[in-house]
Every structure is written in C-alpha cells, then in structure tokens.
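To keep things clear, I will list the structure first and then write my remarks on it.
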Amino acid sequence: MFESLQNKLKVVFEKLATRGRLTEQDVDAALREVRLALLEADVNYKVVKDLVGRVKERAVGVEVMKSLTPAQQVVKIVHEELLKTLGEPSRLNLSGPAPHVVMLVGLQGSGKTTTAAKLALNLRKGNKRALLVAADTYRPAAITQIEVLGKQIDIPVFSEGTQVPPPEITSHALRRAREGAYDVMIIDTAGRLQISEALMGELERIKALVKPQEILLVADAMTGQEAVNVAQGFHERVGLTGLILTKVDGDARGGAAISMREVTGVPIKFLGVGEKSDALEPFHPDRLASRILGMGDMLTLIERAGETMDRSDAERMGRKLVKGEFNLEDFLKQLQEIKKMGPLTQILEMIPGMGRLTQEMAPETTDKQLCTIEAIISSMTREERRNPRVLNGSRKRRVARGSGTTVQDINDLLDQFRQMQRMMKQLGSGGRGMRGLMDMLR
Amino acid sequence: MALFRKTPDERAEGQAKIEASLTKTRQGLFGRISALFQANELTDETWEELEELLIQADLGIDTALRVVERLRTRVHRENIKREDEVRAALADELTRLLTHPAMTSIEEPRRLSVILIVGVNGSGKTTSIAKLAQYYKRRGKRVVLAAADTFRAAAIDQIKIWGERIGVEVIAQAPGADPGAVVYDAIRASQESRQAELLIIDTAGRLHTKYNLMKELEKMRGVCARQVHDAPHETLLVLDATTGQNAISQAKHFKEAAQVTGLILAKLDSTAKGGIVFAIEEELGLPVRFVGTGEKPDDFAEFDPRAFVNGLLDIGY
C-alpha cells in the first residue's frame, strides 16, 4: 500500500522549512508528490495535469493557517479540489410518471448484472417496485444469472431468451412494466466496448425506444487510465446520466472515478461494495477523495466496526475505558469483535499511516498472535482476567500450560496490556490524551 | 514435444492477433510516439511526453520513469539520432522487461496436467478458460473443465454453454457446492472415466483483499496436490487489460495465496493497453502466458513479448 500523501508532503516541507505563506517553490515541490499520488491512484494523466494546475493556482501565496502545517494546508486544497471534481452525491432521478426506465451500460465484467439486482433491492427498500429486464442476449448464461439473482431477492425478471433482439425485449418489457404498474424497470445490457459500432448502435436503439430516464455507466473501481476513453465513448454515444463505481470493497484507490467525472460531468450515484445483493452504498465524495489520496479510510473502518459490534456493548466498553476499568475479560471480548471485522492487516490498512506497517506483517503471523492472546486469556480464571495482578508464578505456569505458551509469553501479554491500560486512561482523562491520539493518527 | 511445437503459421497468426488487437491502441496513443521522435531534436519535453504516453498506457510511474531513463542514457551513449532507431531502442527496452521462460510445464509428459484459473470478479476467467480449452484441444489434448465457481449465479451454466460450444466436457455440481469437492470429483473423473490429459479449473471471482476467499484457493490447491503429483501444474491469474495500478496488488495477493505462475491478459481488444504487465513481471516475476483478443473462442494467442511491444509502438514485424 501507499504511504500517506500527507507524510510524503511533510518530508518535502521539512526540507524547505516553510513558514508563513506558501511560495511557488514550496507548492511545486509539494505538487510533484500530489501528482504521483494521483497517478498511483489511476487518475488519468491529463486529468491530473488539470487538477494539479488548479491546485497550484489556488495554493501559491496562500497563508498557512495557524492550526495547519504547510503539508496539511496543501492536502486541504487538493482535497477540496478533488471534492469539487467528484461532485455532490446524487440519487436516482425518479420524477414524472412511472414506470421509470433505468438502463445500465458498461464494459464486459464491470458488474452490470450484479448492480442491476442491487438497485432493484435498494428501490424496494424505498417502497418502489422494480422489474429487472434481461437484455444481455450475448454472454452465455447472462439471462440465467439475472433470473437466479431475481429469484434470490424476490424481484421479477422480464426475459425473452436469447433470440429476440435486445431493443425489442426492452420495448416489450416497458409494456409489461406499464401493465404491471411497476415503478421502475432496470435494463441489464450486455457488456460492450465503447468502440464497438454495432453494439453501441444497439444501445442507441434501446434508448430511442424506451427513453430511459437514467443511463448509468457501471465501471470497475480498478480501471486504469482507460477510464477516460470508456466514459467519454459511452457518454458521446448514449448520453450518460450517472456513474456507478463497482468493486469498491477491494483495495483499488478508485482514481478512475475522478477521471470519469471530469470527462462526463455526470454525478456518481452509487458504489458497489460487495458480492451480496445489499452491498450497494450511496456515494460519499469525502471518503472517496481521502481514499484516492491514500489517506486511509477511517470512516469505512468506523462503519465496519459499527456493523459488527453491538452498540450497547460498545457504549459499555467505552465507559469502562474512560474509568480505567478495562480488564482482560473486556480485552478478550474486543479481540473477538476485531476478528469478526476481518484479518488484522486489512483493518490496519484502513488507518492512515498504518498502511506501511502492514507491509511488514504477514497476515498469518498477526492473526496467529491474536489467536495466541485469545488462548492465553481463555486459560485464565475469571478472577485472573478481572484482576491480572493475582497472577503469580504458579498461576502463570498453569496458564502457560493451558494455552500451549510459555510464561514469557504471558508476561509479554501482561506488559502490553498494562501499557494499553495506561494509554486508555490517558485518553479517558480527555484533553491532552485525546489530542495525542489524534496526532498519532495524522 | 512435437505435438506442441508451433508451426510458423501459428506463430505468425498469434503475433498478428496481438498486433491487430493493439491497433486501436497505437492509433490512439502510441502512434504519437513516432511523431514525438520525428522532431528534429530530442529535448527534455520529448522525454517528458514519452513518459506521459507510457503512463497513459498504465505502465505506472516507476516503470515509465525507468524506461525513459534507460532509453535516454542509451540514446546519449550510442549517439542515436534517427527516429526509427530511437523507436527500436525503446521497443528493445520494453521487451527486455518481458523476457521470461515459455510455459512448458503443461507439455511435460504426464498423465494428467492441471491448470487452476484465478482472478477478481469480472476479469474474464470463464471466457478465458473456454479459449484455453480450445487452444489445447486444437493441439490434440483431451481437455476437461471443472466448474468450481459454485458461488456466482449461473456461473456453472455459463461454463457449460462454453463446453458445449467448443466440445469439451464440463464436470459440475450444484450451485453452492463446495469448490474443493468439485475439484476432487473433476480430478477423479479426468483420471478415470474421461481419460483426460488436461484439466482446467474455473474458480469463483474474488477480490484479492478478501482473506477467507483467498484461503479457499489454498484449500483447492491442496485438493489438487493430494490427488495429482505436483498439481496444479500452472496457476494462471486472469487480468483485465483495462485494470490500472491495482493489478500489481492483485497479482501480489494471488501469487501469495495461490502461487500464481503466470497471467492471462484478457480483453486486450479493448482500447486499453495492458501496460501494467511490465511492472507485474518486473516486480513479481510473473510472466504473461496468453492474451485474449475478443469474444470468440479463437480470439486467443500465446503471449509474444516482441509482438506485444511492437504492436504498442507500431513497428512492423
């Protein structure tokens, strides 16, 4: 993974020892790093050039705010420009009389069929009835795929096999959608290259027949420099109204989103974040911008923690932390929660600045360590967990035998735990402690 | 083995496919390299522009910078002046990044060879498997496919349809079945009733960051190894040519978890350049074995570094 841009910039500015206003020289040095970070994130070369130009214009001569370092000041401006480019989140346009037609288009393998099912499910949550339309007659078993998905989530699928031309299928589907009083019909089209004359013509015919209110480009978050040409190609031929970025649950930085926004100007409507049909998220420009800049993804981490942890549990734990009453029993519980969130290295990668650390840790070893800790605590009596001070030599030997470890391992764990307890208490006392942690995260 | 030695015709055909699939690429982008070098003098801007062009082909900054730097030194050292010579030198530098041993493990004499196919969702695994099966079938191998993607809706139907089209048997179980069990069955069937020489295993698409799913690949490898000596003999990662810098992370994780031995570069018929393969080979030592150049089963060729690079740079063979 990448080191945080901010850290790199810090190094640049340390060399320059800038104070006060940002000079052109400072900004140029910083922007070299910004440019690299954006290119590493797959933002298109030309788009990077424009963006860096805009940042430079804004940054030179800017007074560095008292609360910020020069590095943070530049990152702030870059972040703002990225946010501007990414635009506001936008919902599906479902104005006017039903049925509303939504057409999904994109390259092969970008995730159209899965996204179609996700959209239908999402609409149902808003009490809209959706009809899925199987208009991919080319890829083997594409129709079966959408039918299976439809059955899984209990959404009707309109299909006429592989022999009827897609434009006809969609106009028949529209009739069905009207008769069945559906609110929305979602057309799953075949994957195609934006340079394929015949297939792009087909999309134009579908568009003319059923007049979709939304034509959404479904694009893989891992797309490289080509994203610009793909988005432009589709936009020119069929006129896109929005973008859906898929496979965002991977570790791609997603710079393609910036490129596609820049060339089409249409809003990003959703992000696909998993294989299950409910893994569709609204788009948060702020998070994506941070991710593209390699600044970690704290928000996702926090959200994931919220998903796996019981809220009341978390609150109780929080109170204990503050009071310094956090004991090994609570620690064990927390470990188990963390394990539910995924392998430790993956979690650490989401924390700004920690990405580098994870490079040096093999996922097996860290997760094995977690297991060892779990085994040790599990081998303790309840009394020992609540009050580790009672652990004398004899007790330690028993715990070591029980957990298949050594007394040294147990001492190490107790040391670490005491350190952690101290840190927690400091945090709990507020003020300096909390700020200390924030500084660590920066 | 004589059976697999390529005829000159086949060779030429393969190269033609790679070059043809890159035609749009060179018109769109690399055609400009010629124009670049036709300028009277090679200035700093020329080199910067070249770097830009390489980055736009998804080579990544590090690789692009290194290639430009090497070329620049060489042009200076060898006092290269003519445009075609600069281009030839560039082609040479790029090709050097792709020199790798050919894939021979499948051609070794043994009763059953096993190829495991892995990749992220939507990279083109199933289509590539059909093409690979067709490729080896043409070379006289008795091929069987294992439908071990039991997760994605209709994945089994998809590979079955391909099997019918190319006349290759597909061993499958019901959706949701344990992929390891499918592999086990498929190997047994290949060894016993089907007398197959080559088994190609389709796996479910998985993002390389999903720890448990990557672990599952290890388990499938275990099933292979227990039944067939040294199996799987090749593990190929299918990579979408439109993928950007994330491809390195993909290759790295799949190499670690599934001991990938090479790549299939799919969808090279798009306008994307697949330039990331330079970095993947350099950093991870993973060579490209095959390229997919279209949607038909025959749109497939053995990877030829020279042809790939020449196609990029628009140099006649």
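Compute the angle between helix B:83-96 and the longest alpha-carbon principal axis of chain B, please, reported from 0 to 90 degrees and rounded to the nearest 10.
Taking Cα atoms only, the helix is inclined about 30 degrees.
Let me confirm one metric for peptide A:41-48, namely the mean number of other chain beta-carbon atoms within 10 Å of its residues' beta-carbons.
Values: counts 3, 8, 1, 3, 7, 2, 0, 1.
The per-residue average across the peptide is 3.
How charged is the neighbourhood of A:Q225? Take every other residue with its Cβ under 10 Å from the Cβ of A:Q225, and add Lys/Arg as +1 and Asp/Glu as -1. Display every interim value, and only then the final one.
Working: positive: A:K46, B:K273; negative: A:D42, A:E226, B:D58.
Within the 10 Å Cβ shell, the charges total -1.
Could you list the residues of segment A:375-390 with an amide nitrogen less than 20 Å from a label point located 7 Å from the Cα of A:R397 in the Cα-to-C-beta direction?
A:376-377, A:379-381, A:384, A:389-390
For chain B, what log10 I(q)/I(0) values come out of the Debye formula at q = 0.07, 0.14, 0.15 1/Å, with one point per alpha carbon and no solvent?
-0.29, -1.02, -1.13
Between A:R178 and A:L83, what is the FRET efficiency for a Förster distance of 41 Å, r being their Cβ-Cβ separation, to the nearest 0.05? Kindly include the intermediate steps, with their values, before the conclusion.
Details: r = 41 Å, r/R0 = 0.99.
Efficiency computed from Cβ-Cβ geometry: 0.50.
Compute the convex hull volume of the Cα atoms of segment A:100-293, divide it by the residue count, and report the result per residue in Å³ as a whole number. Numbers along the way, then the final one.
Details: hull volume 20.2 nm³, N = 194.
Spelled out: Cα convex hull of segment A:100-293, divided by residues, is 104 Å³.
Of B:H76, B:G222, B:P287, whose Cα points farthest to the positive end of the dipole of chain B (charges on the beta-carbon: +1 Lys, Arg; -1 Asp, Glu; origin at the Cα centre)?
The listed residue farthest towards the positive side: B:G222.
Give me the Kirkwood hydrodynamic radius of segment B:75-226, using the inverse of the mean 1/r over all pairs of distinct Cα atoms, in Å to one decimal.
On the way: mean 1/r = 0.0574 Å⁻¹.
It is 17.4 Å.
What ranking do B:232-239, A:139-146, A:165-172 get when scored by the average of other Cβ atoms within 10 Å per residue, highest first? Intermediate results must be reported in sequence, preceding the final value.
Values: B:232-239: 25.8, A:139-146: 22.8, A:165-172: 19.0.
Put in order of decreasing packing, that is B:232-239, A:139-146, A:165-172.
If you look at just the Cα atoms of segment B:155-293, how large are its Rg and its Dmax in Å?
15.8, 44
Structure shown: which of A:K49/A:K84; A:K56/B:K273; A:K112/B:K267 lie over 19 Å apart, alpha-carbon to alpha-carbon? It would help to have the intermediate numbers written out before the result.
On the way: A:K49/A:K84 16 Å; A:K56/B:K273 31 Å; A:K112/B:K267 17 Å.
Table pairs above 19 Å Cα-Cα are A:K56/B:K273.
Considering every pair of different Cα atoms, what Kirkwood radius, in Å, is found for segment B:65-125? Write out the running numbers ahead of the final one.
On the way: mean 1/r = 0.0649 Å⁻¹.
By the Kirkwood definition, the hydrodynamic radius is 15.4 Å.
At 7 Å along Cα-to-Cβ for each site, give me the label-to-label distance between B:R165 and A:Q416 in nm.
Result: 5.2 nm between the two label points.
Values in this text are rule-based calculations from the coordinates and carry no lab data. Source: prediction; values computed, not measured. Positions of Cβ are generated from backbone atoms using ideal geometry, with glycine treated the same way; all protein chains shown enter the neighbour counts.
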